[in-house]
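**Student:** Pasting a structure below so you can have a look.
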């Protein structure tokens, strides 16, 4: 039968990878393919000439029968088609020994005119039902597990866990080193550095000793054909061990790293996404007797493609998350500071254990005259926009603080800025622009602390001689509401007091009441705040008390232990508004500097005092207050009752005046002016040498 030879050989029908049989009109086997012989373990000599119905027990599911009862069906097809083309006459779902499904496709092989006559043929297509079910389950498992995490390493491990033992006995996944950091992999071509690192592995038993463990970088690869195939995004099938050894021929150093001791068949697929090879996955069979075939290679290609997309998504998330974290870390201040006014420790804990980034922040801003400002704030929302808004607010606060505004005035200006940011936001995002903030200024000379709150939680104070308590601060509206004033609260903090500023993430737990969370924080601070305990240890203990679960909201915490400038490091005088007292002021300053052992700065200080006192008497009236503060710098302050703004200008050659502030600016390291409730204070600082500073350490008790 010439017609039948094309059928069995796969030339007429695309069935070269399935079993096939040709039967005559009576169902007697005429031809028996090699695949059918291997599948049914019966040679062509054993089956040719026998009815196909005796070789295959056929059955089909009756759609009208409830409960899925299967009933037998005939094993031969009646051919009534007019065309000579191979056509589908009937499909039958068949079962052979409970292991194989059989699909019958009948087609005429001899015909005359419009009707099939003489011998008729039928191709019996055998596929492994159990194998198809296993592959279907593996696809489902892969789709359910791979990509569930936005962590690159976790995604790679999920991939190999899915493949072992369901697909193979040993598997590993390699990723390009840049992918681990969120960057794109290099474009690979030919031999050289592979830039791959094994990051995940799975095995049915212990990992083979000496066989490249996870974490090991792949060695430089020679220019092997198999390498170029992987670099082009192709899946490589290794049917037997001999083929594997042949691929590494001439490079024995690769065998211990790529071929396990008992591995007899392998398949490797690249993690190929957007034209880039992110990595590769390799699977070996060491215990399974069956070798991998092309269907297995196709299945791994499909799974690896899905995994590659998940790895790429995780990589891009890693890159973006890293950028946001870097941005926020750059925007936050130093974790600890040590200034004459206070020592501080700040801690920040992002939500979700680092998965989410928000707009919580803290800040410590040194101010003139040894004062310091403490800031804590919380921007609405999470992500890059919140972090960027936080950076803008922190910069604005530093600028406003440098103008030495009172806390209530500073928050009023900050409120205007937040309203402006909301007006600039795209439509639909304006309502999410907002923040809460608490701003406090501490003076180590007077020990006074002035605070103002824009909708923020009140601080907790632990004084050395008293129990921890919540400092009652008059809360103003959150930033961005507008139209409402802020109120300043003042308190005295003895040296060694601990001031705790925090965001709501620290006191919110499982939707608990904020009041209960603040009470718990106050109790913990009362226990933890010992004088000899470092502030960062106290902060870590407070964060540990929030529980093991990652916080739902960001946590920012600022702890400040106050200091005081010793009384003998300050000196003050009051003079009437009389130009004659300028000489008295210079003389008083000279005596005080001599008592402090600072004769080397006496001449410069006399000039600064002379100019400042003269300007105060001339433009501000009296009385005039003069104060010197000695610490790491020598601070000279002159206060008068006027609110006139001092102005630095460059005097012309013929001008008789106008050079006072210019001289002060040239002689001092820095100078400035601040306004109080009545009058103003002009100050100037001069740096002191290390020897001078040793005698001026601030007291902590």
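**Student:** Any residue that is part of a helix (DSSP H, G or I) and at pLDDT below 85 - is there at least one of those in the range 602-610?
**Tutor:** Narrowing the range 602-610 to residues part of a helix (DSSP H, G or I): 602-610.
Keeping just the survivors that are at pLDDT below 85 gives none.
Checked against the condition, which is being part of a helix (DSSP H, G or I) and at pLDDT below 85, the range 602-610 yields no hits at all.
**Student:** Next up: I want to confirm something. Restricting to the range 329-366 and keeping residues that are at pLDDT 85 or above and in a loop (DSSP other than H, G, I, E, B), which single residue is farthest from residue 557 (Cα to Cα)? Walk me through it before giving the result.
**Tutor:** To start, the set of residues in the range 329-366 that are at pLDDT 85 or above comprises 336-348, 360-366.
Applying the additional criterion that residues be in a loop (DSSP other than H, G, I, E, B) yields 339-341.
On the way: 339: 18, 340: 21, 341: 19 Å.
By that ranking, first place goes to 340.
**Student:** Oh, and also: Limited to the range 367-401, what total is found for residues that are closer than 30 Å to residue 669 by Cα, in a helix (DSSP H, G or I) and in contact (Cβ under 8 Å) with a residue 40 or more places away in the chain?
**Tutor:** The number of residues fulfilling the criteria is 4.
**Student:** Please verify whether the range 585-592 includes one or more residues that are within 15 Å of residue 663 (Cβ to Cβ) and modelled with pLDDT of 90 or more.
**Tutor:** Yes, the range 585-592 has at least one match.
**Student:** Just a yes or no: is a residue in the range 330-348 surrounded by fewer than 23 Cβ atoms within 10 Å (Cβ to Cβ), in the same structural domain as residue 271 (by TED's automatic domain parsing), touching a strand residue (DSSP E or B) at 6+ places or on another chain (Cβ under 6 Å) and more than 24 Å from residue 507 (Cβ to Cβ)?
**Tutor:** no
**Student:** Here's another thing I want to ask about it. Name the residue, out of 571, 588, 583, that is assigned to a helix (DSSP H, G or I), outside the structural domain of residue 359 (by TED's automatic domain parsing) and touching a strand residue (DSSP E or B) at 6+ places or on another chain (Cβ under 6 Å).
**Tutor:** On the way: 571 fails: assigned to a helix (DSSP H, G or I); 583 fails: touching a strand residue (DSSP E or B) at 6+ places or on another chain (Cβ under 6 Å).
Criteria check complete, one pass: 588.
**Student:** Tally time: how many residues in the range 25-40 are part of a loop (DSSP other than H, G, I, E, B), over 19 Å from residue 295 (Cβ atoms) and at pLDDT 65 or above?
**Tutor:** Matching residues across the range 25-40 total 1.
**Student:** From (1) touching a strand residue (DSSP E or B) at 6+ places or on another chain (Cβ under 6 Å); (2) under 23 Å from residue 329 (Cβ atoms), pick out the condition that doesn't hold for residue 444.
**Tutor:** The number of the failed condition is (2).
**Student:** Now, a different point. Checking residue 304 against (1) surrounded by 18 or more Cβ atoms within 10 Å (Cβ to Cβ); (2) over 19 Å from the mean Cα position of the chain (by Cα); (3) within 30 Å of residue 672 (Cβ to Cβ), which single condition isn't satisfied?
**Tutor:** Condition not satisfied by residue 304: (3).
Residue by residue, here is whether (1) within 17 Å of residue 413 (Cα to Cα); (2) crowded, with 22+ Cβ neighbours inside 10 Å holds:
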residue: 359; (1), (2): no, yes
residue: 366; (1), (2): no, no
residue: 370; (1), (2): no, yes
residue: 379; (1), (2): yes, yes
residue: 387; (1), (2): no, yes
residue: 390; (1), (2): yes, yes
residue: 393; (1), (2): yes, yes
residue: 396; (1), (2): yes, no
residue: 400; (1), (2): yes, no
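**Student:** Looking at the range 276-283, can you tell me whether even one residue there is without any contact (Cβ under 8 Å) to a residue 60 or more places away in the chain and surrounded by fewer than 21 Cβ atoms within 10 Å (Cβ to Cβ)?
**Tutor:** Checked the range 276-283: no residue is without any contact (Cβ under 8 Å) to a residue 60 or more places away in the chain and surrounded by fewer than 21 Cβ atoms within 10 Å (Cβ to Cβ).
**Student:** Let me ask another. Out of curiosity, is residue 602 surrounded by fewer than 20 Cβ atoms within 10 Å (Cβ to Cβ), free of Cβ contacts under 8 Å to residues at least 12 places away in the same chain and not assigned by TED's automatic domain parsing to the domain that holds residue 339?
**Tutor:** Against the criterion (surrounded by fewer than 20 Cβ atoms within 10 Å (Cβ to Cβ), free of Cβ contacts under 8 Å to residues at least 12 places away in the same chain and not assigned by TED's automatic domain parsing to the domain that holds residue 339), residue 602 does not qualify.
**Student:** Need the failing condition index for residue 442 against (1) surrounded by fewer than 20 Cβ atoms within 10 Å (Cβ to Cβ); (2) under 23 Å from residue 671 (Cα atoms), just the number.
**Tutor:** Residue 442 satisfies every listed condition except (1).
**Student:** Can you pull out every residue in the range 190-235 that is surrounded by fewer than 15 Cβ atoms within 10 Å (Cβ to Cβ), at pLDDT 80 or above and in contact with a strand residue (DSSP E or B) (Cβ under 6 Å, 6 or more places away or on another chain)?
**Tutor:** Matches in the range 190-235: 229 only.
**Student:** Among the residues of the range 427-444, count how many are modelled with pLDDT of 95 or more and on the phi > 0 side of the Ramachandran plot.
**Tutor:** Final tally of qualifying residues: 0.
**Student:** Considering every residue within the range 547-557, establish whether at least one is at pLDDT 90 or above and either surrounded by 17 or more Cβ atoms within 10 Å (Cβ to Cβ) or within 23 Å of residue 678 (Cα to Cα) (or both).
**Tutor:** The answer is yes; a qualifying residue exists.
**Student:** Which numbered condition trips up residue 404, out of (1) over 30 Å from residue 688 (Cα atoms); (2) crowded, with 20+ Cβ neighbours inside 10 Å?
**Tutor:** Only one criterion in (1) over 30 Å from residue 688 (Cα atoms); (2) crowded, with 20+ Cβ neighbours inside 10 Å is unmet by residue 404, namely (1).
The values are calculated or read from the model by the stated rules, or taken from the named source; none is laboratory data. Keep in mind that what you see is a predicted model, and the values were worked out from it rather than measured. Reconstructed Cβ throughout: ideal geometry from the backbone, glycine too, with neighbour counts over all protein chains shown.
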